[in-house]
Amino acid sequence: MTVTIAYKDIILLYDKLRFDFNKLAIIRGGSLVRSKLIYEVIKKREHNNGVMDDLMIIINQVTAEIIIYCASKQQCIQVMEMLTESLDDEILNIFYGKMAETEKNAAMKKWLSGETKVLITTSAFGMSIDVNDVRLVMHYTMPMNMSNFIQKSGRADRNGDVAKIVILYSVNTLFNTLRSDFTDAQKTDQYLTSGQQNIFEMILFCMDTYKCRLQIVAHIYAWPNESIPAVCERCDNCLRCFQDTPEQRNNCNEIEKMLDVLGILTTQFAEEIRPTDVMNVF
Ligand SMILES: [Zn+2]
């Protein structure tokens, strides 16, 4: 079994399991910071036609294998139907957890033999399955945390060639996913409270406009003694930086004022600030 885990989470795990850190050795398969990956975040458009146009532009740039990760079986079917309108269904392949075993085996066989170019799938797609020539991993819905994102994205550079990782990002879609997972508002709040750090980390990654995405990943996943790579000069943020030449400004005063407003809301007016409210501010 392999696992995608940041060093800080190893420490947390040791702490929770009450292991003696000095009596355990960590055997590590390899770095999670892969400099051949080119990251891009695209704002997901509201209407399916616009999303489809963006999908087709990206897919047509790639001649090798493509994986499109969806949040659910329903989304897989929806994306499959959309793509069937523009692509030959012979090159499309679908795989999700609740498929019949015979269908799963057939889909896997086609994928491994290279018979199909595009695999539309959920996280049910086997972690141990390697296809060397995957050059694009697209996240049709923003992953719920960075570990999940890194793990799925890692399917793209098995042979060390340059590969692209794309997220179609939409906060609305994120909330719809949460709503479909939890019909009970209280449960959604509980989930957001327990997992909010992870979700915020993922949202910040998507919303960042100028910081090199490879470096963001490196700051989260580089282990002690592992160096942070130079800016990649290829991700969407690096390219935007070259184009906009932004200046750095210190906005501490404005942020302090915003915190003051939040303080007044929560103390003087007894307004409850819930995790979902903070997400909406983002
Ligand atoms: Zn970059």
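Where a number appears in this text, it was derived from the coordinates with a stated rule and is not lab data. The structure displayed is predicted, hence computed values, not measured ones. Here the Cβ is made from the backbone with ideal geometry for all residues, glycine too, and neighbour counts use every protein chain on show.
Relative to the present Cα-Cα distance, how much length would full extension add between Leu13 and Ile228 at 0.36 nm per residue of separation? Extra length available between Leu13 and Ile228 comes to 75.0 nm. Taking other C-beta atoms within 10 angstrom as a stand-in for reagent exposure, Tyr7, Tyr169, Tyr39 fall in the order Tyr7, Tyr169, Tyr39, fewest first. If the segment from Met56 to Gln74 were pulled out straight at 0.36 nm per residue, it would be longer than the present Cα-Cα gap by 4.5 nm.
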